[in-house]
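The values are calculated or read from the model by the stated rules, or taken from the named source; none is laboratory data. What you are looking at is a predicted structure, and each value in this text was computed from that prediction instead of being measured. FYI the Cβ positions are ideal-geometry reconstructions off the backbone, even for glycines, and counts take in every protein chain you see.
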Amino acid sequence: MAKAHTNARTTVKRLPEKARTDIQTLHAVLDAGRVAHVGVVDHGQPIVIPVAYARDRDTVLIHGSTASRMFKLLESGSPACITVTVLDGLVLARSLFESSMNYRCAMVLGTSTRLTGQAEFDALQVITEHLMPGRWDHARQPSPKELKATMTLSLPLTEFSIKISEGPPDDFEGDLDSREGKTIWAGQIPIYEQLGVPIPDQFVPQGTPIPDYVAAWKH
């Protein structure tokens with residue numbers, strides 16, 4: 001199992017009390033998300049692109065087109081930053097300055113390794129099952145042509161930073177005690193992700209039941 005690697009690049013300096021350093025919390029944040037924002041530098045210009053991802057033990061897996069500029073950079077060994085954020089709520093304080101959000105955020109730094117052969121095939125299954133549990137065995141799997149057009153990368157979870165914000169607003173005492181402050185509503189607005197009712201496309205025969213594995217999806 002990977003160990004926490006804290007250094008000058010990953011130490012949380014702003015509100016350090018919100019920092020976490022254990023690998024279990026990192027895994028939990030990555031497992032809760034579905035979209036990662038991947039940042040690299042191309043000829044001095046930072047670019048950040050959202051991608052689907054999955055955690056596989058102590059690595060992060062991402063995949064994209066072999067024609068992608070970003071994936072070519074990652075394959076060549078360009079340093080990368082992968083960030084996953086789960087938004088849990090809005091925090092309404094009595095002042096705009098103290099109003100904020102509750103969130104879980106993980107940032108992973110490092111260089112990627114391209115996967116090929118069976119390792120790539122297995123990684124694509126992990127990504128599919130993270131995004132759509134049960135789907136791998138109920139859809140056509142990648143063809144050789146599709147695999148040739150796909151680049152799958154792995155990045156180790158060895159250098160990372162975690163920050164979690166939770167709880168009610170932290171108002172200034174002056175706002176709590178003032179006449180104006182006593183008239184302002186403050187608190188938390190939770191944000192939940194919810195899956196809607198599945199909608200079949202026009203080619204599904206009428207009356208076809210929703211598969212059990214789809215009906216069982218909850219998030």
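This table checks each residue for (1) outside any helix (DSSP H, G or I); (2) β-branched (Val, Ile, Thr).
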residue	(1), (2)
47	yes, yes
60	yes, yes
63	yes, no
72	no, no
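Where the second residue is in a strand (DSSP E or B) and among the hydrophobic types (A, V, I, L, M, F, W, C) and the first is in contact (Cβ under 8 Å) with a residue 60 or more places away in the chain and closer than 30 Å to residue 44 by Cβ and lies in region 77-93, which pairs have Cβ atoms under 7 Å and are six or more apart or on separate chains?
Going by the 7 Å Cβ cut-off, the qualifying pairs are 80/38; 80/40; 80/155; 82/36; 82/38; 82/60; 82/108; 82/155.
Only one of (1) within 24 Å of the chain's Cα centre (by Cα); (2) surrounded by 10 or more Cβ atoms within 10 Å (Cβ to Cβ); (3) more than 30 Å from residue 13 (Cα to Cα) fails for residue 188. Which number is that?
Here residue 188 meets the rest and fails (3).
For region 52-67, state whether one or more residues are under 28 Å from residue 171 (Cα atoms) and within 20 Å of the chain's Cα centre (by Cα).
Checking region 52-67: not a single residue is under 28 Å from residue 171 (Cα atoms) and within 20 Å of the chain's Cα centre (by Cα).
Could you say which residue among 82, 62, 23 is crowded, with 16+ Cβ neighbours inside 10 Å and touching an Asp or Glu at 6+ places or on another chain (Cβ under 9 Å)?
23
Any idea which residue in region 4-20 is modelled with the highest pLDDT, counting only those that are surrounded by 11 or more Cβ atoms within 10 Å (Cβ to Cβ), closer than 20 Å to residue 58 by Cβ and not hydrophobic (A, V, I, L, M, F, W, C)?
The extreme case among them is 20.
Within region 170-198, track down each residue that is modelled with pLDDT of 95 or more, of a type outside the set (S, T, N, Q) and closer than 30 Å to residue 35 by Cα.
Those that are modelled with pLDDT of 95 or more, of a type outside the set (S, T, N, Q) and closer than 30 Å to residue 35 by Cα: 187, 189, 190, 191.
Has region 139-150 got at least one residue that is over 28 Å from residue 55 (Cβ atoms) and surrounded by 12 or more Cβ atoms within 10 Å (Cβ to Cβ)?
No: region 139-150 contains no residue that is over 28 Å from residue 55 (Cβ atoms) and surrounded by 12 or more Cβ atoms within 10 Å (Cβ to Cβ).
Test each condition in (1) surrounded by fewer than 16 Cβ atoms within 10 Å (Cβ to Cβ); (2) assigned to a strand (DSSP E or B); (3) small (Gly, Ala, Ser) for residue 77 and report the one that comes out false.
If we test residue 77 against (1) surrounded by fewer than 16 Cβ atoms within 10 Å (Cβ to Cβ); (2) assigned to a strand (DSSP E or B); (3) small (Gly, Ala, Ser), just (2) comes out false.
Please name all residue pairs, on different chains or six or more residues apart, with Cβ atoms under 8 Å, provided the first residue is in region 62-76 and is within 21 Å of residue 128 (Cα to Cα) and the second residue is of a type in the set (Phe, Trp, Tyr) and crowded, with 19+ Cβ neighbours inside 10 Å.
From residues that are within 21 Å of residue 128 (Cα to Cα), the pairs are 62/53; 64/71; 65/71.
Return the pairs, sorted by first residue and then second, in which the second residue is loosely packed, with under 10 Cβ neighbours inside 10 Å and not small (Gly, Ala, Ser), the first residue lies in region 193-219 and is in contact (Cβ under 8 Å) with a residue 60 or more places away in the chain and closer than 16 Å to residue 134 by Cα, the beta carbons are less than 9 Å apart, and the residues are 6+ apart or on different chains.
Pairs found: 217/195.
When region 191-214 is examined, which residues are found to be loosely packed, with under 10 Cβ neighbours inside 10 Å and within 25 Å of the chain's Cα centre (by Cα)?
Within region 191-214, 192, 194, 195, 196, 197 qualify.
Counting only residues that are outside any strand (DSSP E or B) and within 15 Å of the chain's Cα centre (by Cα), which one in region 29-45 is surrounded by the fewest Cβ atoms within 10 Å (Cβ to Cβ)?
The qualifying residue surrounded by the fewest Cβ atoms within 10 Å (Cβ to Cβ) is 31.
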